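Enquirer: Dumping the structure here so I can ask a few things about it.
The values are calculated or read from the model by the stated rules, or taken from the named source; none is laboratory data. All of these numbers come straight from a predicted model, not from anything done at the bench. Note: ideal-geometry Cβ built from the backbone for every residue, glycine included; neighbour counts use all protein chains shown.
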Amino acid sequence: MSEELLKITRTVPTPFLLVEEEIVRKNINRIHDYANRHGFSVRPHIKTHKSLGIARMQLGSGAVGLAVAKVEEAEVMARLGPVDITVAYPAVGSARMERLSKLSLKQTIRVAVDSEYLLNELGSAALKQHTTIGILVMFDAGLHRCGTADPGQIVKLAQHAETHPGLGFDGIQMYLGNLYGDAARDPQSFKRINRLWEPVYKSLCAAGLQPETISSGSTPSLENTHLVRHVTEIRVGTAVLNDYFVLKFNHCALKDCAARVVATVISDVVPGRVIIDAGSKALSAKQLLRHEDLEMGYIVEYPDARITRLHEEHGWLDVSCCNHPPRIGERLSIVPVNVSLCVNLYDHFYIVTRSGNLQKERVDARGCLV
């Protein structure tokens with residue numbers, strides 16, 4: 001850690017999550033600069049930070065609304081006032097639908113859908129509340145998680161949404177999560193998506209259902225979104241903070257990583273190894289690579305050190321390649337592999353403001369799973 005950050009945070013017990021406001025705002029500005037160049041709207045996905053404070057920064061910078069993963073996250077973000085919210089997740093289940101329909105009485109609510117089952121359930125819930133829920137039909141761009149690339153099926157779902165009382169067809173949602181590393185920079189990757197997507201778009205238009213919103217998400221491919229035809233909106237999650245996954249695959253620089261876990265070396269008994277007080281409950285047990293050497297975070301002060309193993313409260317660091325390895329009592333700052341998982345482990349984070357002050361902020365939507 002820099003001397004300045006060490007001084008500011010010296011009284012905060014480790015492990016804790018530290019966020020730098022200056023980097024957050026630079027990341028937000030970079031996202032909007034790209035969007036403005038290509039005529040996109042920006043809809044930040046709050047699953048990454050789960051913070052009302054950071055959401056306010058994003059909305060204040062010109063975001064058209066917010067995206068959430070779960071209904072409970074939408075309820076938390078509704079505290080900001082009449083925000084336009086997309087639930088970018090097929091919200092199946094009667095409890096979810098009832099809460100969404102009630103929320104839509106005060107907020108503009110859209111839900112991502114890939115089944116007639118969910119359309120019927122959402123429509124019935126909306127009718128009970130005398131409200132309307134917008135629908136984004138999910139197009140599968142290649143991840144094969146949710147959605148379909150079949151033009152006929154997408155047109156059928158869009159028609160169903162458009163004609164079902166209590167619903168309205170607002171557009172298409174896609175997620176480019178299958179593209180990262182070289183694939184996210186290769187124009188051929190986007191040509192393959194367009195070969196699937198263009199027939200869908202033409203079929204919708206031929207049916208009189210030209211989508212008003214075409215929303216695309218994923219941080220690694222963010223700045224190549226313009227290579228996908230007809231996109232109107234970018235959903236942005238990880239890019240506001242960035243993490244080791246994004247850094248490792250060269251989609252950001254270290255200076256763009258706004259969030260770090262601060263930990264203390266608690267043991268250096270074994271030569272070539274130290275133990276820190278941040279384990280899986282502080283960093284998450286997410287592994288960067290599956291079949292090669294495992295990495296569970298990037299240690300800023302010791303780039304030659306590797307986190308090789310995590311117990312619940314202990315982190316194992318291989319420091320055998322460090323000329324001057326960390327010593328017991330030393331504080332280290334770690335860029336987590338998956339910042340979204342990491343943030344959800346904490347009740348609070350500490351933000352270093354632009355003025356150099358340290359503020360304790362609540363992770364407002366922590367643990368929202370429904």
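Quick grid of which residues meet (1) of a type in the set (Asp, Glu); (2) closer than 19 Å to residue 84 by Cα:
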| position | (1), (2) |
| --- | --- |
| 5 | no, no |
| 8 | no, no |
| 12 | no, no |
| 20 | yes, no |
| 23 | no, no |
| 36 | no, no |
| 53 | no, yes |
| 59 | no, yes |
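Enquirer: Here is a list: 270, 262. Which entry is at pLDDT 95 or above, in a loop (DSSP other than H, G, I, E, B), of a type in the set (Val, Ile, Thr) and more than 26 Å from residue 38 (Cα to Cα)?
Expert: Residue meeting the stated conditions: 270.
Enquirer: Residues to consider are 368, 342; find the one that is assigned to a helix (DSSP H, G or I) and touching a residue at least 60 places away in the same chain (Cβ under 8 Å).
Expert: 342
Enquirer: Among the residues in the stretch 262-273, are any under 24 Å from residue 246 (Cα atoms) and within 25 Å of the chain's Cα centre (by Cα)?
Expert: Yes, there is a match, as at least one residue in the stretch 262-273 is under 24 Å from residue 246 (Cα atoms) and within 25 Å of the chain's Cα centre (by Cα).
Enquirer: Identify, from the list 284, 280, the residue that is in contact with a Leu (Cβ under 9 Å, 6 or more places away or on another chain), buried (at least 17 other Cβ atoms within 10 Å of the Cβ), in contact (Cβ under 8 Å) with a residue 24 or more places away in the chain and on the phi > 0 side of the Ramachandran plot.
Expert: Unique residue meeting the criteria: 284.
Enquirer: Kindly list, by first and then second residue, each pair from a residue in the stretch 188-217 that is in contact (Cβ under 8 Å) with a residue 40 or more places away in the chain to a residue that is of a type in the set (Ser, Thr, Tyr) and assigned to a strand (DSSP E or B), limited to pairs with Cβ atoms under 6 Å and residues at least 6 apart or on different chains.
Expert: Pairs found: 217/175.
Enquirer: Please pick out the residue among 268, 243 that is more than 30 Å from residue 353 (Cβ to Cβ) and of a type in the set (D, E, K, R).
Expert: From the options 268, 243, the qualifying one is 268.
Enquirer: Please specify each residue of the stretch 359-370 satisfying the condition of being of a type outside the set (Lys, Arg) and surrounded by fewer than 15 Cβ atoms within 10 Å (Cβ to Cβ).
Expert: Correct list: 359, 367, 369, 370.
Enquirer: What is the one condition in (1) more than 27 Å from residue 57 (Cα to Cα); (2) crowded, with 22+ Cβ neighbours inside 10 Å; (3) not charged (D, E, K, R) that residue 221 does not satisfy?
Expert: Residue 221 satisfies every listed condition except (1).
Enquirer: Which residues, counting only those in the stretch 95-107, are in contact with a strand residue (DSSP E or B) (Cβ under 7 Å, 6 or more places away or on another chain) and within 17 Å of residue 67 (Cβ to Cβ)?
Expert: 100, 103, 104, 107
Enquirer: Of the residues 7, 26, 47, 70, which is at pLDDT 95 or above and out of contact with any strand residue (DSSP E or B) (no Cβ under 9 Å at 6 or more places or on another chain)?
Expert: Going through 7, 26, 47, 70 in turn, just one is at pLDDT 95 or above and out of contact with any strand residue (DSSP E or B) (no Cβ under 9 Å at 6 or more places or on another chain): 26.
Enquirer: Do the conditions hold for residue 254, that is, is it of a type in the set (A, V, I, L, M), under 25 Å from the mean Cα position of the chain (by Cα) and not assigned by TED's automatic domain parsing to the domain that holds residue 61?
Expert: Yes.
Enquirer: Okay, moving on. Which of the helices (runs of 4 or more DSSP H) found entirely inside the stretch 1-98 contain at least 2 residues meeting this: surrounded by fewer than 18 Cβ atoms within 10 Å (Cβ to Cβ)?
Expert: 3-9, 21-38, 52-60
Enquirer: Let me ask something else. In the stretch 57-72, is there at least one residue being over 17 Å from residue 110 (Cα atoms), hydroxyl-bearing (Ser, Thr, Tyr) and not assigned by TED's automatic domain parsing to the domain that holds residue 223?
Expert: no
Enquirer: Considering the stretch 99-123 alone, what residues qualify as being among the polar types (S, T, N, Q), over 15 Å from residue 85 (Cα atoms) and buried (at least 16 other Cβ atoms within 10 Å of the Cβ)?
Expert: Of everything in the stretch 99-123, just one residue is among the polar types (S, T, N, Q), over 15 Å from residue 85 (Cα atoms) and buried (at least 16 other Cβ atoms within 10 Å of the Cβ), namely 115.
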